[in-house]
Amino acid sequence: MKFTFTEKRMDASQALRDYAIKKISKLDRLFKTEAEAFVTFSVERGRFMAEITIHSNGMYYRASELTHDMYASVDSGVAAIERQIRRNKTRLAKRLRDGAFEREISPEFYEEPDDEDEEFNIVRRKRFSIKPMSPQEAILQMNLLDHEFFVFKNMDEDEAISVVYKRKKGDYGLICDEGELD
């Protein structure tokens with residue numbers, strides 16, 4: 001597993017990094033291919049936050065834990081991600097097509113320069129490849145990322161660009177091209 005560490009408002013010791021590597025590396029056995037782990041250590045109001053994001057075969061798993069001890073935050077984050085992985089691998093195996101974990105998505109992120117004065121200030125842009133998937137798989141990916149919406153190519157609608165989103169009542173909505181709605 002490849003690790004990337006980021007520190008915000010603190011300096012993490014080598015012992016803390018080694019501890020995080022040891023704990024997160026145990027999750028590597030759950031993936032078929034090599035995964036990437038992004039770990040962010042930060043301090044907020046005297047409490048320690050560990051944010052852990054794992055990327056493997058187009059799936060993202062993310063947990064953020066805030067406690068009074070950084071080691072406890074790492075432990076809680078790893079346990080949360082392990083629960084996500086186990087719950088969602090079972091769900092994907094039951095509901096979705098074979099090979100759902102073998103697809104590779106490579107997003108490209110970049111910051112937009114702040115040179116231009118615009119009426120609407122765009123502070124960040126993201127570019128990523130949009131892969132075909134079912135609406136159920138898109139909802140699963142949206143929930144794993146803890147986002148409000150997710151853009152995808154809808155396999156059920158001849159790969160039309162679609163958006164799933166979380167509604168206020170807790171259920172989900174699907175937006176697709178006007179010609180594609182039934």
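The values are calculated or read from the model by the stated rules, or taken from the named source; none is laboratory data. All values reported here derive from a predicted model rather than from experimental measurement. Counting neighbours? That spans all protein chains shown, and the Cβs are built from the backbone with ideal geometry, glycine included. Protein only, heavy atoms only, side chains kept; ligands, DNA and RNA dropped before computing areas. Shrake-Rupley method; radii C 1.70, N 1.55, O 1.52, S 1.80 Å.
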Under 1.5 on a/c is rounded, so check that first for the range 121-169, then, if it is not, pick prolate when a/b is larger than b/c and oblate when it is not; a ≥ b ≥ c are the square roots of the alpha carbon gyration tensor eigenvalues.
oblate
Label point 7 Å out from LYS2 along Cα-to-Cβ: which residues of the range 21-54 have amide N under 13 Å?
34-38
Calculate one ³J(HN,Hα) per residue across the range 61-72 by plugging θ = phi - 60° into the Karplus curve 6.51 cos²θ - 1.76 cosθ + 1.60, and present them in order as whole Hz with x for glycine and proline.
10, 9, 9, 9, 10, 10, 9, 8, 9, 5, 5, 5
Simple label model, 7 Å out from Cα along Cβ direction - ASP18 to GLN136, nm:
4.6
Would you mind computing, in nm to one decimal, how far apart the modelled labels at ARG45 and ASP11 are, each placed 7 Å from Cα along Cα→Cβ?
2.7
Distance between the C-alpha centers of the range 154-178 and the range 1-79? Whole Å please.
32
Taking 0.36 nm per residue of separation and subtracting the Cα-Cα distance, what length does fully extending TYR165 through ASP69 add?
31.1 nm
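At a 1.4 Å probe radius, carbon and sulfur cover how many percent of the accessible area of the range 9-57?
48
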Give me, ordered by chain and number, the residues 5 or more places off SER134 or on other chains with an amide H under 5 Å from its own placed amide H.
MET155
Using 27 Å as the Cα-Cα cut-off, could you pick out the over-long pairs in LYS8/LYS32; LYS2/LYS89; LYS23/LYS131; LYS22/LYS126; LYS26/LYS126; LYS89/LYS131?
LYS8/LYS32; LYS23/LYS131; LYS22/LYS126; LYS26/LYS126
With every atom except the alpha carbons ignored, what do you get for Rg and Dmax of the range 1-88, in angstroms?
12.3, 39
Order by protection proxy (mean Cβ within 10 Å, highest first), peptides 157-163, 27-33:
157-163, 27-33
Two-site label geometry, ARG87 and ASN143: point separation in nm, points 7 Å out along Cα→Cβ:
0.7
